[in-house]
Amino acid sequence: MLKFDTQRPAYHDFADMLDTDIYEQLPDDWLVGITDVIDSTSAIASGRYKDVNYAGASAIAALGNAWSSFDFPFVFRGDGAAFAVHPDRLTSATNVLQQTAAYARDTLQLGLRTGLVSAKEIRASGSDVKTAQFAASGAAVYAMFAGGGLNWADRQIKEGKFGILPSPARTPPDLTGLTCEWAPIPSQRGEILSLLIESSDHTKSQRFAILARRVLAILEAGERGSHPVPDDIAITADVADYLGGRGWSDVVSNSDYRRYDDVLRLTLDCTVEQIGKVEAILAPARDRGEIRFGLHRQSHALMTCLVPSGNRNAHLHFLDGMGGGYTKAAAMLEAQGSDG
C-alpha cells in the first residue's frame, strides 16, 4: 500500500487546522487532482443539486475503489473534489478520471472537468501545497490542504491547462459505496449556512487564523456547535448494517461539515443572529483586502455518503447546502476578485 497521510498524526480540534504551520509539504513529484461540475449553477437552479453533489464526490469514490484504499488525501468541495496522487498512481488516476468524466457526461448529463498538475509545477508558480489530517472521529479522518496551491490548480484547469478529457469508451468507474439518497436535513436553529472564507495572502496564515477562529467561536457557540446533522434520527437495521453495524451517532460524528482546503468551508445550522455577527466581522476584513468570502443561506442541508466496502466502519459523510450552498457561496467569493 502507498502510504502518505496515514503515517502522520491527525488533529482532533478543528481550530488547529487553521494553523497552517502544522501542515507538511506535498512532495514535488506528487500530483494534485481537481474536478468540478461545469456550469453547476444552472444544474442546481434546475433542482439537480443531488446530481451535482454526487458528481462532485464521484472521483473520490472511483479512485479509492480502483486502488482498494482511501489512504490518499482528498477533499469534497460541493460541485467537485480535490485530491493528491502518488506518482506511481498517475496512470491509474488518469484512467479513472477519464471514466468518471465520461460517466458524468453519459449518465448524469453533466460536464465534469478534471485535471492533474504536479506539486513541483504549483510551487514554480509561486503557490504551495501542503496537507494535514483532521480526525472527525476515531474512524473518519479527513485531509486538509493549505498553501494556495489547490486554488491555483483549480484556476489553471478551468482555463484549459493540465486537463484530462473524458474517455470515449463506456467503461464505468466503480462508484460502490457512494450514495446521495438521504433525505435533505432541515435546519433546527434557523438557517443552514454555507460559508467560504479565503485569505487574500496565503503567506499570512496567522492573521487569517485569528480571524477564522473568531468566526468559528461565534458559529459554534450554543447548541451542538451548530452541527447540521441532528442527533435524534432513527435508522433501520438495514441502514445500520450498511454502515458497518454502527448507529446514527456515527453518522453525526463522521460528518465532514467543516474543512479547510485553501478556503475555510463550513456547512452549519445557525441562528440568524449568529450569521449577522459573522457578516459584521467578515465584511470589514474583506474591505481591508484581507479576505474574500461568500455565503448562502438555505432551509436544508444535503448529505452525500461514502461507505468503503472494505471498511464500512470508516463511512464518510460530506455536507453541503441543499440550495447549492457551496456553489452559490463560491460565486459570491469569486466576484470579489482573484488572489492571483
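The values are calculated or read from the model by the stated rules, or taken from the named source; none is laboratory data. This structure is a prediction, so every number in the text was calculated from the model and none was measured. For neighbour counting, all protein chains shown are included, and Cβ atoms are generated from backbone atoms with ideal geometry for every residue, glycine included. SASA here: full protein model, heavy atoms, side chains in, ligands and nucleic acids out. Shrake-Rupley method; radii C 1.70, N 1.55, O 1.52, S 1.80 Å.
Suppose we filter segment 76-111 for residues that are within 22 Å of residue 322 (Cβ to Cβ), in contact (Cβ under 8 Å) with a residue 60 or more places away in the chain, of a type in the set (A, V, I, L, M) and not in a helix (DSSP H, G or I); how many remain?
The number of residues fulfilling the criteria is 1.
If you go through segment 117-131 one residue at a time, do you hit one that is open to solvent by 10 Å² or more (accessible area, probe 1.4 Å), touching a residue at least 60 places away in the same chain (Cβ under 8 Å) and either touching a Cys at 6+ places or on another chain (Cβ under 6 Å) or within 23 Å of residue 13 (Cα to Cα) (or both)?
yes
Restricting to segment 76-106, count the residues that are under 16 Å from residue 117 (Cβ atoms) and among the aliphatic types (A, V, I, L, M).
Final tally of qualifying residues: 7.
Hand me the list of strands (runs of 3 or more DSSP E) wholly inside segment 260-334 holding 1 or more residues that are surrounded by fewer than 21 Cβ atoms within 10 Å (Cβ to Cβ). Outline the logic, then answer.
Values: elements: 264-270, 291-298, 300-306, 316-321.
Answer list for segment 260-334: 291-298, 300-306.
Got a sec? Which of 269, 250 is modelled with pLDDT of 95 or more, charged (D, E, K, R) and over 19 Å from residue 57 (Cα atoms)?
Details: 250 fails: modelled with pLDDT of 95 or more.
When all the criteria are applied, what remains is 269.
Pick from segment 1-16 the residues that are in a helix (DSSP H, G or I) and open to solvent by 50 Å² or more (accessible area, probe 1.4 Å): which of them is modelled with the highest pLDDT? I'd like the intermediate steps shown before the answer.
Let us first name the residues in segment 1-16 that are in a helix (DSSP H, G or I), namely 5-7, 14-16.
Okay, now just the ones that are also open to solvent by 50 Å² or more (accessible area, probe 1.4 Å), so 6-7, 16.
On the way: 6: 49, 7: 60, 16: 94.
Once the filter is applied, the top-ranked residue is 16.
Checking residue 323 against (1) of a type in the set (Gly, Ala, Ser); (2) within 21 Å of residue 134 (Cα to Cα); (3) touching a Lys or Arg at 6+ places or on another chain (Cβ under 9 Å): exactly one of these is not met. Which one?
Only one criterion is unmet by residue 323, namely (2).
Could you run through segment 218-242 and say how many residues are at pLDDT below 90, of a type in the set (Ser, Thr, Tyr) and not in a loop (DSSP other than H, G, I, E, B)?
Number satisfying all stated conditions: 1.
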